[in-house]
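Enquirer: Shown below is the structure under consideration.
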Amino acid sequence: MDVLTSCPDCGSLLDIEYEWDKLPVPKSMREFESRWSNRRDPLDFSGVWRFRSLLPFAADKDIVTIGEGQTILQQSPAVGKYVGMNAGGLFLQYEGLNPSGSFKDNGMTAASTHARMVGAKVAACASTGNTSASLAIYASTAQLFRVVVFVGSGKIAYGKLSQALDYNAKTLQVLGDFDDALERVREVAGERGIYLCNSVNPFRLEGQKTIMYRVLESLNWQVPDWIVVPGGNLGNSSAFGKAFTELKALGLIDRIPRLAVINAAGANTLYQLYEERGVRWDGGMSDHSTVETFFSDMDRENRKASTLASAIEINRPVNLKKCLRALDACDGVVRQVTDQEILDAKAQVGAGGFGCEPASAASVAGAKRLRAEGVIAPSDRVVCILTGHQLKDPDATVAYHSGNTDLFEEKLGMRGVKTAEYANSPIVVENNLQKIIEVLER
Ligand code: F0G
C-alpha cells in the first residue's frame, strides 16, 4: 500500500478539498442540534462525527469512533481575571476530557477511519507523547491494525508513555528528540508501506476542525473574537484555520475569529519566522529562502528545542505552511512564552478547575501577554484551548507546588523556572489530632 502525505514533486503536505457543491451541506449550524437527542447512535454521540457533513470523506460504516469529543467550553472568571479580561470574557475549551486525555483523539478518530478505508495493517507515528497515546488507544479499541510509536528518548512525560505501553503499542524510544523521531518514522513509513498518523496526515486535521465547531456550538453559534492555541507541530492551528475558512465560504458563519498561536520560548520556530522575520503565507508563495536559511542556521548551530512543556518541544513544525495559511485567514498573531509564564498560568488554570498539562497552559500565558500588550482588548471574547489533561505530566505540577526546593531545583530550576508564585504546597504535620487541628486553624 502506498499512502502519500506529501506531494512527490514539491514536498508540500497534501490538503483535503471537498467539492462542496456536490455534497449535502447544512443550511445552518443549528441543524447539528437535532443530533443531540440521538445519543444511542455512536456517530451522533461523537463530538467529531456529529459534524460529519463538514468532514465528508468517509461512509458511516467505515467510521472508527470511541466517543471522542465530549469536551466542554467553560467560562472561567478566575483565569479571566488572571489574563486581564472583563468579567465573562475568557473561556477554556477542555480537550483533556477526551478518551486518551488530549485533543489528539479528534484527529485520530479521523485518521483511524481513513486507515480502515485503505485497509492499513500497521499504523505509526512519532510523538512527544499525546499522539502516540491517542493512536495506541484507537488501535487497541478498534483492533483493526497494529501500531508502532516512535518517541524521543528521555523527554516524554510518564503519563503519556504509560498509555502507549498499557494500550500495548510497540514503542520505540529513538535516541534523539521529537524532530529526529518524526524524520525517522516518515522514512520507515515510506519504506515499509506503513500508515502514517502524524499531523502530516491531512485526515487528522479534518477531525481537529471539529474542536472549533464545538466551541461555536457552546457559544450558541456565535463567533468569538480570539482563539488562542499552543503551537508545536502546528496541526491544530492549521485545522482551526481550515475550519473557519470553510464555514465562511459555506455561509455558515459571517466572520472569522482572530487566531493566536503560542510557542514556548525554547521551541519558537514559528514565532521567529512569523514575527521576527516577517514570513507570511503570501497566497502559497511564502518566502522559502528565509525559511531554509533559518533551518540551515539551526542545524549548523545545533540548536535543539528545549522547554518543560515537552508536548510542544518541537523545532521543525511540519505544518508550518498550513499554519501560515491559517494565520493569514484569521488575521493571526504568534507569541512566545517562557516556561515560568507557562507554569504560573498552569497553576491558575488548575486553581480554576479541571487543570491542564504545561503545553496547554501556553495558551493562557499567551492570552495574558497579548492582553498586556493591548492586542487583545479587555472586552473581547477569548477562547483558550486546553489541549491536554493535567494528569499527563504530574511531575511538573508536583515540582511547582511542592515547596521542596530540591525537587523544584532538579525538575524546574535547571530549566529557568525560579519562582512558584501560585504554589499550593502540601503541609507536613505530625500524626496527631491536636497538631492537625492547630494547622487547620492557622
Ligand atoms: N498541546 C499538547 C498537549 C500537545 O500534545 C501538542 C502536540 C500540542 C499542544 C501542539 O499541537 O502539534 O498541533 O501544534 N503534541 C504532538 C504529540 C506533537 O506528539 O503528541 P500541534
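Enquirer: For the range 86-143, divide the Cα radius of gyration by the Kirkwood radius and give the resulting Rg/Rh value with two decimals.
Expert: Ratio value, two decimals: 1.14.
Enquirer: Here is a further query. Kindly sort Leu23, Leu216 by accessible area of their heavy atoms, largest first, with the probe set to 1.4 Å.
Expert: Largest accessible area first, the list is Leu23, Leu216.
Enquirer: Charges only on Cβ, +1 for Lys and Arg, -1 for Asp and Glu: so what's the dipole of the chain about the Cα centre, in debye to the nearest 20?
Expert: 740
Enquirer: Treating only the Cβ of Lys, Arg, Asp and Glu as charged (+1, +1, -1, -1), what charge dipole size does the range 33-141 show about its Cα centre? Round to the nearest 20 debye.
Expert: It works out to roughly 60 debye.
Enquirer: Per residue, how large is the accessible surface of the range 373-425? Use a 1.4 angstrom probe and give square angstrom.
Expert: On a per-residue basis, 51 Å².
Enquirer: When only DSSP loop residues count, what trypsin sites (Lys or Arg not before Pro) in the range 242-313 have their Cβ near at most 16 other Cβ atoms within 10 Å?
Expert: Arg255, Arg277, Arg280, Arg303, Lys304
Enquirer: Let me ask something additional. Name the residue from Tyr167, Val229, Val79 whose Cα lies farthest towards the positive end of the charge dipole of the chain, charges +1 on Cβ of Lys and Arg and -1 on Cβ of Asp and Glu.
Expert: Tyr167
Enquirer: Here's another thing I want to ask about it. Could you check how much of the accessible area of the chain is carbon and sulfur, as a whole percent, using a 1.4 Å probe?
Expert: 49
Enquirer: Compute the separation of the alpha-carbon centres of the range 94-111 and the range 214-278 and state it in Å as a whole number.
Expert: First find each Cα centre; the distance between them is then 18 Å.
Enquirer: Would you compute, from DSSP H runs of 4+ residues alone, the mean residue ellipticity of the chain at 222 nm, taking -39500 (n - 2.57) per run and dividing by the full residue count, rounded to the nearest 500?
Expert: Rounded to the nearest 500, the figure is -11500 deg cm²/dmol.
Enquirer: Translational D (Stokes-Einstein, µm²/s) of the range 270-333 at 25 °C and 0.890 mPa s when Rh comes from the Kirkwood sum over C-alpha pairs?
Expert: Answer, rounded: 194 µm²/s.
Enquirer: Same structure, new question: What order do His114, His288 take when sorted by accessible area (1.4 Å probe), most exposed first?
Expert: His288, His114
Enquirer: At 7 Å along Cα-to-Cβ for each site, give me the label-to-label distance between Gln143 and Tyr158 in nm.
Expert: Those two pseudo-labels are separated by 3.2 nm.
Enquirer: Would you compute, for the Cα atoms of the chain, the largest minus smallest coordinate along each principal axis and list the three values in descending order, in whole Å?
Expert: 73, 47, 46
Enquirer: Here are some pairs, Lys304/Lys368; Lys104/Lys248; Lys170/Lys242; Lys368/Lys392; which of them have Cα atoms lying more than 31 Å apart in this structure?
Expert: Among Lys304/Lys368; Lys104/Lys248; Lys170/Lys242; Lys368/Lys392, the Cα-Cα distance tops 31 Å for Lys170/Lys242.
Enquirer: Quick check: with the 1.4 Å probe, what order do Leu73, Leu343, Leu433 take by accessible area, largest first?
Expert: These residues rank, largest area first, as Leu433, Leu73, Leu343.
Enquirer: Two decimals is fine: what is log10 I(q)/I(0) at q = 0.11, 0.15 Å⁻¹ for the range 1-126, from a Debye sum with one equal scatterer on every Cα and no solvent?
Expert: Each listed q maps to, in turn, -0.55, -0.92.
Enquirer: Starting from the Cα of Glu292, step 7 Å along the direction of its Cβ; do the same at Val428; then give the gap between the two resulting points in nm.
Expert: Between Glu292 and Val428, the label points sit 6.0 nm apart.
Enquirer: Just flag the trypsin sites (Lys or Arg not before Pro) in the range 27-62 sitting in loop per DSSP whose Cβ has no more than 16 other Cβ atoms within 10 Å.
Expert: Lys27, Arg39, Arg40
Enquirer: Another one. Multiplying the sequence separation of Leu219 and Lys61 by 0.36 nm and subtracting their Cα-Cα distance, what value in nm do you get?
Expert: Contour length minus Cα-Cα distance gives 53.8 nm.
Enquirer: Hey, another quick one. Which semi-axes, in whole Å and largest first, does the equivalent ellipsoid of the range 236-343 have when worked out from the alpha carbon gyration tensor as the square roots of 5 times its eigenvalues?
Expert: They are 26, 17, 10 Å, listed largest first.
Enquirer: I've got another one for you. Compute the convex hull volume of the Cα atoms of the range 300-442, divide it by the residue count, and report the result per residue in Å³ as a whole number.
Expert: About 163 Å³ per residue, rounded to a whole number.
Enquirer: Now, a different point. I want to verify a result. In a Gaussian network model of the chain, Cα cutoff 10 Å, which of these has the top mean-square fluctuation: Glu430, Glu206, Glu19?
Expert: Glu430
Enquirer: In nm², what is the average projected area of the convex hull enclosing the Cα atoms of the range 140-201?
Expert: With the hull built on Cα positions only, its mean projection is 4.5 nm².
Enquirer: Pop the C-beta distance of Ala87 and Glu19 into the FRET formula with R0 = 60 Å and round what comes out to the nearest 0.05.
Expert: 0.85
Enquirer: Are there any helices in the chain, counted as whole DSSP H runs, that stretch 15 Å or more along their axis by Cα and score at least -0.5 on average by Kyte-Doolittle, and if so which?
Expert: Membrane-span-like by this rule: 130-142, 202-218, 235-249, 339-351, 358-372.
The values are calculated or read from the model by the stated rules, or taken from the named source; none is laboratory data. Everything numeric in this text was worked out from a predicted model, so none of it was measured. When we count neighbours, we look across all protein chains shown, and the Cβ atoms used for this are built from the backbone with ideal geometry, even at glycine. The area values use the complete protein model at the heavy-atom level, side chains included, leaving out ligands, DNA and RNA. Shrake-Rupley method; radii C 1.70, N 1.55, O 1.52, S 1.80 Å.
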